[in-house]
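Have a look at the structure below, then the notes.
The values are calculated or read from the model by the stated rules, or taken from the named source; none is laboratory data. These figures come from a predicted structure and were not determined experimentally. Using ideal geometry, Cβ is built from the backbone for each residue, glycine included, and neighbour counts are taken over all protein chains shown.
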Amino acid sequence: MRWQRRSRIAVFTGWSILVLAGCGNGGSGIEAGSAPAPAVTVALLEPEPVTETQEFVGRVVAAERVELIARVPGFLRERDFIEGQKVSAGDRLFLIEPEPYQAVLAQRAADVDRARAEFGNAQSQLRRGEELLKSNDIPRARVDELRAAESVAKAGIAQAEAALQAAQLNLDYTEIRAPIDGSIGLSRFSIGNLVGPESGVLATMVQQDPIYVQFPLTQRDLLAQRRQVQERGGDPAAVVVHLRLADGARYEQDGQIDFVDVTVDPGTDTVLVRSLFPNPRNLLLAGQYVGVEVESGEPEMALLLPQSALQIDQTGFFVLVLDDEERVQVRRVATGPMMGARIVVQTGLGAGDRVVVEGVQKVRPGQAVTAAPWQPPVRD
């Protein structure tokens, strides 16, 4: 019985070895033949015009900003705008009760009439005195007094007219009008409030189209930027500026640098640079932060590689490329400046090379793959 049991175990073990051996040979061949090649996406490199850029953080500043302040005291009677709306220069925005100033104006006009009447009387008295002086019927001293009285009366007219002009100005100040074209913000006072010069800002107006973007530039970067433009034969004043909005999208309008400060901030050792942008849809608002991309010089042809295709090891940067047999090969590269989501390739690749962008983790050198074209993102 013990011998039979051992025989059965030996037969079963031998049979298992044969089965496993057969499965190992036949099964591996079937799996190798039926497994599909890994799928990857590849970018076909072609020379593109590239302009070197520098990136900064800038702040949007209104081209014109006016704080509206009451110049005369009084109760606020009217507010002739909707907060946030666009207004034109000369539009009336606030009205302070005008009646007290109209009354003062009428009084000053009466003072002018009285001063003119007094001057006329002084002139008549002086003429009569000069006639009497010819016949020695009046002392010369009296004529001198009449002449002085005429001069005083004449000065009284000028004084009364100046007071009338001041009263007219105060009456005009009861109407607060827009000094510029632009948009008006929140009103700090409602109708019926007592306002005046001490009340502070009633509302703020800003001109949003065009609009400024300011950003700091180190002296070193400023010198390098100018030198680079001049070496390429360009005009430093013709530098193109692009903006990146908060969502990462590029602003639709390009700008130009219109001012470089003449002094350096001693705290940061930077120079303030200002660029001007059209803003027809008011996408740029005063005070917001934006990304600033400054282009300099003329475009040059270069190869742009998606950054997701770039890998690094102890030797340096490398990418995976496909050969004519659709097999993966390693290629060492040297890179240049970044351009958004892509980077300039200086050496190691040429026009027509197909670089693996997606799926690099699934493949190894020498392996055959199935390639699909890579679609660049819209914002690149």
Listed residues Ser275, Ser308; which is surrounded by 15 or more Cβ atoms within 10 Å (Cβ to Cβ), polar (S, T, N, Q) and not in a strand (DSSP E or B)? Ser308
Which one of the conditions (1) surrounded by 16 or more Cβ atoms within 10 Å (Cβ to Cβ); (2) closer than 30 Å to Gln207 by Cβ; (3) out of contact with any helix residue (DSSP H, G or I) (no Cβ under 7 Å at 6 or more places or on another chain) does Pro98 fail to meet, given that it meets all the rest? (3)
Sole miss for Leu276 among (1) touching a helix residue (DSSP H, G or I) at 6+ places or on another chain (Cβ under 7 Å); (2) modelled with pLDDT of 85 or more; (3) among the aliphatic types (A, V, I, L, M) is condition (1)
When restricted to Ile184, Ile191, the only residue in contact (Cβ under 8 Å) with a residue 60 or more places away in the chain, β-branched (Val, Ile, Thr) and in contact with a Ser or Thr (Cβ under 8 Å, 6 or more places away or on another chain) is Ile184
Condition first: at pLDDT below 50, among the polar types (S, T, N, Q), over 30 Å from Thr270 (Cα atoms) and outside the structural domain of Gly248 (by TED's automatic domain parsing). Can you find one or more residues in the stretch 34-48 that meet it? no
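Would you call Phe119 crowded, with 18+ Cβ neighbours inside 10 Å and assigned by TED's automatic domain parsing to the domain that holds Asp254?
On the way: crowded, with 18+ Cβ neighbours inside 10 Å: yes; assigned by TED's automatic domain parsing to the domain that holds Asp254: no.
Criteria not met by Phe119.
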In the stretch 4-12, is there at least one residue being loosely packed, with under 11 Cβ neighbours inside 10 Å, out of contact with any helix residue (DSSP H, G or I) (no Cβ under 8 Å at 6 or more places or on another chain) and modelled with pLDDT of 80 or more? no
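So is Gly84 at positive phi and not assigned by TED's automatic domain parsing to the domain that holds Val241 or not? Step through it out loud before you land on a result.
On the way: at positive phi: yes; not assigned by TED's automatic domain parsing to the domain that holds Val241: yes.
Spelling it out, Gly84 is indeed at positive phi and not assigned by TED's automatic domain parsing to the domain that holds Val241.
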Among the strands (runs of 3 or more DSSP E) contained in the stretch 196-271, which hold 1 or more residues that are at pLDDT 85 or above, surrounded by fewer than 18 Cβ atoms within 10 Å (Cβ to Cβ) and out of contact with any Lys or Arg (no Cβ under 9 Å at 6 or more places or on another chain)? 201-218, 255-260
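One line per residue, one yes/no per condition, for (1) among the aliphatic types (A, V, I, L, M); (2) modelled with pLDDT of 90 or more; (3) in contact with a Leu (Cβ under 7 Å, 6 or more places away or on another chain); (4) part of a strand (DSSP E or B):
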site: Ile30; (1), (2), (3), (4): yes, no, no, no
site: Arg59; (1), (2), (3), (4): no, yes, no, yes
site: Glu78; (1), (2), (3), (4): no, yes, yes, yes
site: Phe81; (1), (2), (3), (4): no, yes, yes, no
site: Gly90; (1), (2), (3), (4): no, yes, no, no
site: Val104; (1), (2), (3), (4): yes, yes, no, no
site: Val112; (1), (2), (3), (4): yes, yes, yes, no
site: Arg116; (1), (2), (3), (4): no, yes, no, no
